[in-house]
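Here, each number is a calculation from the coordinates, and none is a lab measurement. None of these values were measured; they are calculated from a predicted model. For neighbour counting, all protein chains shown are included, and Cβ atoms are generated from backbone atoms with ideal geometry for every residue, glycine included.
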Amino acid sequence: MFEEMQRESEEIKREIEQIQKKKEQMQKEKEDILRETEKMQDTVHRIESKYSQSLKNTVNILRDIGLSDAEILDKLCAQYQLEENQARNYL
């Protein structure tokens, strides 16, 4: 009986070790995913910033060639597929 309990105890210890290894592996995977998510967020922020800057540059160019705000709005909406209220933010 004692031997059987000892075997069961050893088996439980092995299972605990396996669970701990899986937990550590999952933690590492979680950290990797968080790092990748952070990198993607940084990329999205950079893209958004460049997009916004391109809109501002477009507005400046269109103003330099003498277009009115109404014409600029039309061009922004057509070129960048924006709603008028979105395009107004760049005037």
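Loop-located GluC sites (Glu not before Pro) in the range 35-91 (DSSP state not H, G, I, E or B) with no more than 15 neighbouring Cβ atoms inside 10 Å: 83. In the range 2-88, the ratio of gyration radius to Kirkwood radius, Rg to Rh, stands at 1.62 when only Cα atoms are counted. For the chain, the longest principal axis of the Cα atoms and the long axis of helix 69-80 meet at an angle of about 40 degrees.
Angle of helix 2-64 to the longest C-alpha principal axis of the chain, folded into 0 to 90 degrees and rounded to 10: 10°. The peptide list 10-20, 57-67, put in order of mean Cβ contacts within 10 Å with the highest first, becomes 57-67, 10-20. Taking other C-beta atoms within 10 angstrom as a stand-in for reagent exposure, 91, 55 fall in the order 91, 55, fewest first.
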